[in-house]
Amino acid sequence: MSDEFKVGDIVTGIYKTGKYIGEITAIKPDHYLVKVKAVLRHPMQGDIHSPKDANVPFFQERRALAFNEQTNVPKKMVRAFHDEVPEYKASLKEAVEKTKNELEAEGTEWAHRSLENMKVLEKDYFK
């Protein structure tokens, strides 16, 4: 069972396949509304319902949540965060680099298609 948090607490939360640092702005019965402050893990590319499968009808480009974007995170996916919150752009860049390195090491068809998506996203993120 997760801890109970209050509005204003800084937490980590997993939304779909990305992981973020954010501030709780509202509490709902099953979710916390979290305002994104930094990215810890970039979302996986492709079909969320067929992870790591390149042979899907629509290989989706999945963006990281934006700075100050708010999202509902299931309470069971929220944990306390006690360190200094990194700057959003720097955290996004680090998450993108880590993801690209992991994909290059994996070398599968899914990883190759994911890398193509990441390169497009990277150009948009860091114009």
Can you tell which of LYS93, LYS6 is modelled with pLDDT of 95 or more, out of contact with any Cys (no Cβ under 9 Å at 6 or more places or on another chain) and more than 20 Å from ASP124 (Cα to Cα)?
-> LYS6
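Being on the phi > 0 side of the Ramachandran plot and under 16 Å from the mean Cα position of the chain (by Cα): is that true of LYS16 here?
yes
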Pull up segment 68-85, narrow it to residues that are touching a strand residue (DSSP E or B) at 6+ places or on another chain (Cβ under 7 Å) and in a helix (DSSP H, G or I), then point me to the one that is farthest from GLY13 (Cα to Cα).
-> LYS75
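The values are calculated or read from the model by the stated rules, or taken from the named source; none is laboratory data. What you are looking at is a predicted structure, and each value in this text was computed from that prediction instead of being measured. Positions of Cβ are backbone-derived with ideal geometry, glycine not excepted, and every protein chain shown enters the neighbour counts.
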